[in-house]
Amino acid sequence: MKVNQAKRLKGGAWEFTQQEPLKEPLVLVFGDRFLLEDENIYQEIRQLYPDGHLVFGSTSGEIMETNVFEESITITAIEFEQTRFDIVSENINDFVDIEKMGAAISGQFKLQELNHLFIVSDGSFVNGSGLIEGLESVEGFRASITGGLCGDGARFEKTLTSYNENPKQGEVIAIGLYGEALEVSYANFGGWTPFGPERTITRSEGNVLYEIDGKPALDLYKKYLGDKADELPQAALLYPLTVQQNEESEPLVRTILNIDEDQNSMILAGDVPMNSKVQLMMSTMDDIAEGASNAAELAMQNRKKKPELAILVSCVGRKLVLDQRTEDEIEEVAEVIGGQAKITGFYSYGEMAPFAGKNECQLHNQTMTLTLLSE
């Protein structure tokens, strides 16, 4: 596996950490939404990688090596030596629901040979839980899935993604990796602590939460936020919800992406099933950095080879808590996985990964999620 990386800050020139000839590379382009709206961005990067497969995604912060950038574009170009890949891109506007879209994407891969699926998804219109459900619903699908919902800073205005064209809204890109030589491991961990009373979801539909304990969800949430309620939906990133569907299921963290004042409801990044138990959560800088270290340790368990590439997808809510210490969690990961791995990734509106030791993917919020690759 050969990996080239580069970055360009707003108004600056491209800076390459290494630049060697690559043959038909997979090129991951993560960047600030405003920079990706430049009508020339696709052609600019196409000139750098004439035979590359270009996957674009907007972010809430770009990760490269142990640095976190804002108002930048990062490039990670990968030439696999023993692994082949296919890329499928579909738009949510072409489907009646997200589950059908997920199934249509999976159906285009050679499932018997598929090792892993990495997803770069629109983060504004796509219900991540429904997307995963659709992807895994196709008969014969056994691959692991990781990835994330793209971001737009803490603005929540629109997100952009694309494959081999200018970035646009509503697109989901799936990168399918084939071959037994490829070793993939993954993990996620949060570092958030529940507080306050445990309550029950009494009315919800998909990823829209209407009532908790028979009362309007938004009213209850605003009561807890107090003065910070005026800063919604951004303030919600500091106080996510933990959702547990039943006693046997692992609790999932859910971020509030938007609010609907007319309906007194909250739109979350993933499903919030009826009768689930729900609690508010909070965290500290140290807890979040330690959570990233725990995620890295879980991802490294039982690996046969040292990772050559680490793709990190972390939540914008973690970045807001860490503030000036955002790079702490990246440094924690780097220390655990070793200096030989190239690190790329982005801050997201939702993270996709199975729980450690399991294959079934889940949508997470407020976690650090790692995908470690080697050949």
Given (1) open to solvent by less than 30 Å² (accessible area, probe 1.4 Å); (2) under 30 Å from E37 (Cα atoms), A187 misses just (2)
Looking for something buried (at least 16 other Cβ atoms within 10 Å of the Cβ), part of a strand (DSSP E or B) and touching a residue at least 60 places away in the same chain (Cβ under 8 Å) - is there at least one such residue anywhere in the range 213-236? no
Expected output for the range 305-333 (first residue over 20 Å from Y186 (Cβ atoms), partner of a type in the set (A, V, I, L, M) and open to solvent by 60 Å² or more (accessible area, probe 1.4 Å), Cβ below 7 Å, 6+ apart or cross-chain) is V321/M285; L322/M285; R325/M285
Kindly establish whether S144 is of a type in the set (S, T, Y), under 22 Å from S185 (Cα atoms) and within 13 Å of the chain's Cα centre (by Cα). no
- Check on F30, in a strand (DSSP E or B) and either over 20 Å from the mean Cα position of the chain (by Cα) or touching a residue at least 12 places away in the same chain (Cβ under 8 Å) (or both): yes
Within the range 229-274, the count of residues that are hydrophobic (A, V, I, L, M, F, W, C), within 24 Å of the chain's Cα centre (by Cα) and modelled with pLDDT of 85 or more comes to 9
Contact list, first residue from the range 86-107 and closer than 16 Å to A143 by Cα, second anywhere and aliphatic (A, V, I, L, M) and surrounded by fewer than 19 Cβ atoms within 10 Å (Cβ to Cβ), beta-carbon distance below 8 Å, six or more apart or interchain, is A103/V138; I105/V88; S106/V138; G107/V138
Cβ pairs under 9 Å, 6+ apart or interchain, first in the range 256-271 and in contact (Cβ under 8 Å) with a residue 60 or more places away in the chain and surrounded by 15 or more Cβ atoms within 10 Å (Cβ to Cβ), second of a type in the set (D, E, K, R) and assigned to a strand (DSSP E or B), ordered by first then second residue, are I267/D260; L268/R254; A269/R254; G270/R254; D271/R254
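Taking the residues in the range 166-183 that are out of contact with any Phe, Trp or Tyr (no Cβ under 6 Å at 6 or more places or on another chain) and more than 23 Å from L372 (Cα to Cα) as candidates, determine which candidate is least open to solvent (accessible area, probe 1.4 Å).
So the residue we want is E171.
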Residue pairs qualifying under the 7 Å Cβ cut-off, at least six apart or on distinct chains, with the first in the range 139-150 being touching a residue at least 40 places away in the same chain (Cβ under 8 Å) and the second being acidic (D, E), are G148/E351; C150/D122
Taking the range 128-144 and keeping only residues that are assigned to a loop (DSSP other than H, G, I, E, B) and in contact with a Gly (Cβ under 6 Å, 6 or more places away or on another chain), one is left with V138
| message | Take A299 and tell me if it is out of contact with any Asp or Glu (no Cβ under 6 Å at 6 or more places or on another chain), among the small types (G, A, S), in contact (Cβ under 8 Å) with a residue 40 or more places away in the chain and in a helix (DSSP H, G or I). | response | yes
query = On the given criteria, is E65 on the phi > 0 side of the Ramachandran plot and either surrounded by fewer than 22 Cβ atoms within 10 Å (Cβ to Cβ) or more than 19 Å from the chain's Cα centre (by Cα) (or both)?
reply = yes
Over the range 113-159, the set of residues of a type in the set (A, V, I, L, M, F, W, C), closer than 19 Å to D32 by Cβ and open to solvent by 10 Å² or more (accessible area, probe 1.4 Å) is A154, F156
Going through (1) modelled with pLDDT of 95 or more; (2) under 26 Å from I78 (Cα atoms) one by one, E180 fails only at (1)
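When the residues of the range 275-286 are narrowed to those that are assigned to a loop (DSSP other than H, G, I, E, B) and either among the small types (G, A, S) or under 16 Å from E250 (Cα atoms) (or both), which ends up modelled with the lowest pLDDT?
It comes out as S283.
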When every residue in the range 317-375 that is among the charged types (D, E, K, R), touching a helix residue (DSSP H, G or I) at 6+ places or on another chain (Cβ under 9 Å) and not in a helix (DSSP H, G or I) is compared, the one surrounded by the fewest Cβ atoms within 10 Å (Cβ to Cβ) is E360
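The values are calculated or read from the model by the stated rules, or taken from the named source; none is laboratory data. Remember, it's a predicted structure, so these values are computed and weren't measured experimentally. Positions of Cβ are backbone-derived with ideal geometry, glycine not excepted, and every protein chain shown enters the neighbour counts. When the accessible area is computed, the model is the full protein with side chains, heavy atoms only, and any ligands, DNA or RNA have been set aside. Shrake-Rupley method; radii C 1.70, N 1.55, O 1.52, S 1.80 Å.
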